[in-house]
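A.B. asks: One structure coming up, written as structure tokens, with questions to follow.
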Amino acid sequence: MSTTNPPGQDLDSLLASALEPLTKPPSTTATLNNTFTTAVQKFNNLAKQQHEQNKPGEILEGFLWSAWHAVFDAAGKTPVDQQEGLVQFLLELKKHDATVTTKDSGGKEAEVVLDSGHNSKLWKDLPIFGWVARERWNSVSAFAPDSKIGRAEQDGLVGLLARLTGEVAKDINLEKTTGYTHGDFSLYGLWSLREVFEASEEGEGSIYIAADGGLVQGADAQLASRGVNQASFWIIFAGEYLWRLSQANKELDDRTGVPGKHFAERKWTGFNKERWAVWKRGFEKAQDWVVGEEAKEGVKAAVEVMAKLE
């Protein structure tokens, strides 16, 4: 993939460089605003450069794939409680159009918004962001016995999607909003909570938490705590929205919302009050056995959020 870049810098390096300041805690609100605004400008410029280098009819999918992977790479290097800059960057990016000047058949110049090639515009539609998120999500496992680096990358991805969902949900009216809202990953929240509290994974070895929320006898408490902590991100950052979906009995398509093995007999097809109660009980029960300060704090915060919502 070619573009006009400074000597010695390829596209991936430029994308990473644009996002790097967002992985560090800002000293002031003004610094944060300036940082994500600068990153938006750099992404806009890179998109335009790529468009100029493309052959006629060539789409920007490859560029976007690299751009979103860069965002998730940055998220994986940033503690979840310090991801505000990355979240605000994505929200600000959605407000901007990446435009280029073209000439019509009569030679008249006009500004047009760049298209991803999939009938979605840069940047308000966050084109193919969801595709890249799903590809990365396929490597996520709440109870993965992996290295610290691998775990940080997983938590960074889950945290970013939870935080983004919580932000875009502020503009979602469940009675009036129709269709998909770009940046709404509440389905992934259901999957996280299902895996942890409903035993959705296959195989006996993957069941760490019982149907009542207690730790399965002989299960690794540390791995189980990691899973509960990861699930807590969805309640801490998007809990109000997940609660609204549950109160509205929001159904999902194509069996994406079916229950886990602990509750296989239930007729759940998405979010509902009964399911919310299972998750709530799971977090409450986890307070009795969870280990590690980070997990303890996450579980405590989730319990407090759910109590306030009800």
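A.B. asks: Contact list please: Cβ distance under 6 Å, first residue in the range 18-36 and hydrophobic (A, V, I, L, M, F, W, C), second residue in a loop (DSSP other than H, G, I, E, B), pairs at least six apart or on different chains.
C.D. replies: Taking only residues 6 or more apart or on different chains, the pairs are Leu32/Pro26.
A.B. asks: A further question on this structure: Here is a check on your reading of the model: is Arg151 more than 22 Å from Lys308 (Cα to Cα) and either part of a loop (DSSP other than H, G, I, E, B) or of a type in the set (A, V, I, L, M) (or both)?
C.D. replies: In short, no.
A.B. asks: Looking at (1) under 17 Å from the mean Cα position of the chain (by Cα); (2) touching a residue at least 12 places away in the same chain (Cβ under 8 Å), which one does Tyr180 not meet, given that it meets all the others?
C.D. replies: Tyr180 satisfies all of (1) under 17 Å from the mean Cα position of the chain (by Cα); (2) touching a residue at least 12 places away in the same chain (Cβ under 8 Å) except (2).
A.B. asks: I would also like to ask the following. Mind checking whether some residue in the range 217-231 is over 22 Å from Arg151 (Cβ atoms), modelled with pLDDT of 95 or more and more than 20 Å from the chain's Cα centre (by Cα)?
C.D. replies: no
A.B. asks: Out of the residues in the range 35-55 that are more than 18 Å from Pro127 (Cα to Cα) and modelled with pLDDT of 90 or more, which is surrounded by the most Cβ atoms within 10 Å (Cβ to Cβ)?
C.D. replies: Phe36
A.B. asks: Now for a separate question. Hey, Lys267 hits all of (1) over 14 Å from Leu193 (Cα atoms); (2) without any contact (Cβ under 8 Å) to a residue 12 or more places away in the chain; (3) part of a helix (DSSP H, G or I) but one; which does it fall short on?
C.D. replies: Status for Lys267: all satisfied but (3).
A.B. asks: Then there's this: So which residues in the range 278-303 are without any contact (Cβ under 8 Å) to a residue 12 or more places away in the chain and out of contact with any helix residue (DSSP H, G or I) (no Cβ under 9 Å at 6 or more places or on another chain), if there are any at all?
C.D. replies: Selection gives Glu293 alone.
A.B. asks: Same structure, new question: Filtering the range 248-264 down to residues that are among the charged types (D, E, K, R) and assigned to a loop (DSSP other than H, G, I, E, B), which residue is nearest to Thr177 (Cα to Cα)?
C.D. replies: Among those that are among the charged types (D, E, K, R) and assigned to a loop (DSSP other than H, G, I, E, B), it is Lys250.
A.B. asks: Take the residues of the range 281-304 that are surrounded by fewer than 20 Cβ atoms within 10 Å (Cβ to Cβ) and hydrophobic (A, V, I, L, M, F, W, C): which is nearest to the chain's Cα centre (by Cα)?
C.D. replies: Ala301
A.B. asks: Check whether at least one residue in the range 172-191 is basic (Lys, Arg) and not in a loop (DSSP other than H, G, I, E, B), and report yes or no.
C.D. replies: No, the range 172-191 has no match at all.
A.B. asks: I would also like to ask the following. Tell me which residues, restricted to the range 272-310, are in contact with a strand residue (DSSP E or B) (Cβ under 8 Å, 6 or more places away or on another chain) and part of a helix (DSSP H, G or I).
C.D. replies: Across the range 272-310, the qualifying residues are Gly282, Ala286.
The values are calculated or read from the model by the stated rules, or taken from the named source; none is laboratory data. What you are looking at is a predicted structure, and each value in this text was computed from that prediction instead of being measured. Ideal geometry is used to build each Cβ from the backbone, glycine not excepted, and the neighbour counts take in all protein chains shown.
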